[in-house]
1. I'd like to know which of CYS116, ALA201, GLY97 lies farthest towards the positive end of the charge dipole of region 89-213, counting +1 on Cβ of Lys and Arg and -1 on Cβ of Asp and Glu.
2. Excluding ligands, DNA and RNA, what is the solvent-accessible area per residue of region 101-174 at a probe of 1.4 Å, expressed in Å²?
3. Kindly list the residues of region 152-176 that lie in the label zone of ALA196, defined by a backbone N under 15 Å from the point 7 Å along the Cα-to-C-beta vector.
4. Specify the inter-centroid distance of region 174-213 and region 98-135, based on alpha-carbon positions, in whole Å.
5. What does the charge count around THR178 come to, taking other residues whose C-beta lies under 15 Å from its C-beta (Lys +1, Arg +1, Asp -1, Glu -1)?
6. Taking the highest mean first, how do the peptides 130-141, 115-126 order by number of other beta carbon atoms within 10 angstrom per residue?
7. Of all the accessible heavy-atom surface of region 81-179, with the other protein chains kept in place and a 1.4 Å probe, what percent is carbon and sulfur?
Amino acid sequence: MRLRKTSVVIAAAVAAALSLTACGGEDGSDTGAAAPARAETSAGSGSPSGAGAATATEGSGVGDGQASASAPASEAPSASSAGGICRTPDLSFSSSGGMAEGEVLINLENTGSASCSMHGFPGLDLTGKDGTVSAERNGGRSVPTVTLAPGERTNFSLYFPPNTSGGSGVTFTSAVVTPPDETRSHTMSLSVNIPAGSGSASRVTVTPVGSGK
């Protein structure tokens, strides 16, 4: 009987030991269950990366906006606004009296937004009810390069034989002016009266732009 009781006690002790081992296994399972928590933490640490990606996307959006904002700068500027040759649309035209009878100053003012330059002889046609006369070049003068800042002006001289014959002569009421190196002209009011005769037209001449400076 004592031996049986001892066996029962030993069996009970073994069962208790097995029960404790089983409890230890459950603790290990709980520890292992902490891994998903670490994964969540890792995912959480990944969230800033996600925010960084969102920032990068927003940055790309800003970049796109900057590109759109700079698009107008890609438009090609006019030659005058780029500081090149003075163009007819960026000039204003007027006339004033010259130093002597038979001379008129044609004034050219830069009305553009940047400096521009002119070099050479202008084209000029006198027109009226009696016809048209093209001015010839007045040689023997230096041909300067004139640079005009916005608001500055220069001029050239128009020479013609004044009508002192006592007759009606030939009357012109307009001048068609073409700046040097330009193809577009500007028509301005200008009253010029020269003697009738074949030799008068050849005496209508212009000087280079800026030669009077």
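The values are calculated or read from the model by the stated rules, or taken from the named source; none is laboratory data. Keep in mind that what you see is a predicted model, and the values were worked out from it rather than measured. All Cβ positions, glycine included, derive from the backbone under ideal geometry; neighbour counts span all protein chains shown. In case anyone asks, the SASA skips ligands and DNA or RNA and just uses the protein heavy atoms, side chains included. Shrake-Rupley method; radii C 1.70, N 1.55, O 1.52, S 1.80 Å.
1. ALA201
2. On the way: 3580 Å² over 74 residues.
Spelled out: the 1.4 Å probe surface of region 101-174, per residue, equals 48 Å².
3. Residues passing the 15 Å test: 163-172.
4. If we compute the Cα centre of each part, the gap is 6 Å.
5. Here the charged neighbours net out to -2.
6. Working: 130-141: 14.2, 115-126: 20.1.
In decreasing order of mean packing, 130-141, 115-126 become 115-126, 130-141.
7. Values: 2180 of 4670 Å².
Carbon and sulfur atoms account for 47 percent of the accessible area of region 81-179.
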